[in-house]
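Step one of this worksheet: look at the structure below.
The values are calculated or read from the model by the stated rules, or taken from the named source; none is laboratory data. As the structure is a computational prediction, the values presented were derived from the model and not from experiment. All Cβ positions, glycine included, derive from the backbone under ideal geometry; neighbour counts span all protein chains shown.
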Amino acid sequence: MSKAFLLAVLLLFSGESFSKEIALTFDDAPVSASEHFESIKRTEELIRKLRLLKVPEAMVFANPCKDEKTSVSHLKKYVEAGHLIGNHTCSHPRLDDVGFNEYSKDAEKADQLLSPLFIGQKFFRFPFLNESKDEKLRDQIRAWLKTNGYRNGMVSVDNDDYIVSWAINKAKETGKKIDYKKVEKIFLNHLLGAVEFYDDLAVKQLGYSPKHVILLHEVDATVMFIDSLVKELRQRGWKIISAKEAFEDRLYLEQPKNTYANNGIIAQIAMEKTGEKIAYNHFDELKAELVKALGL
Ligand SMILES: [Zn+2]
């Protein structure tokens with residue numbers, strides 16, 4: 001047997017650990033108008049960029065109660081462009097703050113509004129990734145998802161992309177000069193760091209590199225820099241896959257017993273195995289960098 005053949009066989013059977021595949025998900029759509037975008041223009045810009053980048057079906061986790069009259073027609077643009085819509089509740093409550101009754105009512109309202117936009121398996125993403133710190137409530141909501149035909153739209157790569165948008169809007173509002181190239185670098189550094197952190201953690205804790213699902217938001221900076229992010233990921237050997245394909249990974253069927261309820265499924269599994277919080281915790285550092293770069 002030749003060495004090359006042996007290597008090919010080895011690669012074939014250990015394919016999972018060389019995965020480096022990632023799907024994009026965008027939360028909180030439709031995001032309201034800001035200093036940088038009108039709401040619909042931001043959505044159109046994101047769709048245009050995803051098309052140019054040839055990104056396969058992303059999943060957009062929507063909050064249709066933000067504007068009940070226009071949200072659904074607005075979100076329909078994603079479906080027409082071949083992307084998928086998921087339920088992110090109607091008005092973005094935090095489960096641990098409002099409890100089961102109010103929360104499930106809110107989620108049901110989103111289910112009704114979004115139902116014309118759903119295609120195939122329905123996915124639900126917990127606002128703040130909060131699946132409850134209370135075991136009883138957590139199990140109640142897991143049962144609700146099951147009864148209502150939902151799978152948990154988990155994330156594997158948590159991060160703080162939204163804070164970059166907060167910073168550029170604050171800068172614009174207060175008349176600061178914005179060096180977008182500088183901000184883009186900070187954004188990329190944070191996001192790519194998160195991808196690598198959670199992939200390493202998965203290899204350590206799960207023994208393989210899963211098909212990843214990155215949490216992003218339909219916010220200004222993320223839309224402005226999405227092309228650089230996708231290009232940089234590809235340059236580093238990542239393949240962008242559809243959200244549907246990513247969610248087929250067995251990782252997203254896990255139901256951890258702990259109530260860590262934050263930072264995504266890999267961090268939750270790491271907690272299950274080690275009893276420790278192991279998460280990509282760079283919020284303060286990122287905020288400080290932005291404040292400095294923008295003179296806030
Ligand atoms: Zn959200």
Selection within the stretch 259-289 - polar (S, T, N, Q), more than 17 Å from the chain's Cα centre (by Cα) and either surrounded by 14 or more Cβ atoms within 10 Å (Cβ to Cβ) or within 23 Å of residue 23 (Cβ to Cβ) (or both): 259
Qualifying residue in the stretch 66-84 (condition: within 14 Å of the ligand (Cβ to nearest atom), part of a helix (DSSP H, G or I), out of contact with any Phe, Trp or Tyr (no Cβ under 6 Å at 6 or more places or on another chain) and within 25 Å of residue 170 (Cα to Cα)): yes
Can you list residue pairs whose Cβ atoms sit under 7 Å apart, with the first residue in the stretch 72-87 being in contact (Cβ under 8 Å) with a residue 12 or more places away in the chain and the second being acidic (Asp, Glu) and crowded, with 19+ Cβ neighbours inside 10 Å? Count only pairs 6 or more apart in sequence or on different chains. 82/57; 83/57; 84/57; 87/111
Which members of the stretch 141-181 meet the condition of being β-branched (Val, Ile, Thr), out of contact with any strand residue (DSSP E or B) (no Cβ under 6 Å at 6 or more places or on another chain) and not in a loop (DSSP other than H, G, I, E, B)? 141, 147, 163, 164, 168
Here the residues within the stretch 165-207 that are of a type in the set (Phe, Trp, Tyr), closer than 21 Å to residue 23 by Cα and out of contact with any Leu (no Cβ under 9 Å at 6 or more places or on another chain) are 197, 198
Taking residue 270, is it in contact with a helix residue (DSSP H, G or I) (Cβ under 7 Å, 6 or more places away or on another chain), under 26 Å from residue 124 (Cα atoms) and either of a type in the set (Val, Ile, Thr) or touching a residue at least 40 places away in the same chain (Cβ under 8 Å) (or both)? yes
Yes/no for residue 22 being of a type in the set (Val, Ile, Thr), farther than 29 Å from residue 197 by Cα and at pLDDT 95 or above: no
Which pairs do you get when a residue that is farther than 16 Å from residue 238 by Cα, found in the stretch 201-227, comes within reach of a residue that is surrounded by fewer than 20 Cβ atoms within 10 Å (Cβ to Cβ) and among the aromatic types (Phe, Trp, Tyr), reach meaning Cβ atoms under 6 angstrom, with the pair 6+ apart or on two chains? 217/162; 219/162
Step by step: first the residues of the stretch 102-117, then only those that are small (Gly, Ala, Ser) and closer than 15 Å to residue 147 by Cβ, then the one that is nearest to the chain's Cα centre (by Cα). Which residue is that? 107
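Quick grid of which residues meet (1) under 27 Å from residue 253 (Cβ atoms); (2) under 19 Å from the mean Cα position of the chain (by Cα); (3) not β-branched (Val, Ile, Thr):
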{"site": "100", "(1), (2), (3)": "yes, no, yes"}
{"site": "125", "(1), (2), (3)": "yes, yes, yes"}
{"site": "128", "(1), (2), (3)": "yes, yes, yes"}
{"site": "134", "(1), (2), (3)": "yes, no, yes"}
{"site": "140", "(1), (2), (3)": "yes, no, yes"}
{"site": "147", "(1), (2), (3)": "yes, no, no"}
{"site": "163", "(1), (2), (3)": "no, yes, no"}
{"site": "190", "(1), (2), (3)": "no, yes, yes"}
Scan the stretch 211-237 for residues that are surrounded by fewer than 20 Cβ atoms within 10 Å (Cβ to Cβ) and assigned to a loop (DSSP other than H, G, I, E, B) and jot them down. 236, 237
Take residue 184 and tell me if it is of a type in the set (Asp, Glu) and either closer than 23 Å to residue 87 by Cα or not in a helix (DSSP H, G or I) (or both). no
Can you work out which of the residues in the stretch 94-132 that are of a type in the set (Phe, Trp, Tyr) and part of a helix (DSSP H, G or I) is surrounded by the fewest Cβ atoms within 10 Å (Cβ to Cβ)? 128
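Yes or no, residue by residue, for (1) over 20 Å from residue 217 (Cα atoms); (2) within 15 Å of the ligand (Cβ to nearest atom):
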{"position": "103", "(1), (2)": "yes, yes"}
{"position": "115", "(1), (2)": "yes, no"}
{"position": "120", "(1), (2)": "yes, no"}
{"position": "128", "(1), (2)": "no, yes"}
{"position": "138", "(1), (2)": "yes, no"}
{"position": "141", "(1), (2)": "yes, no"}
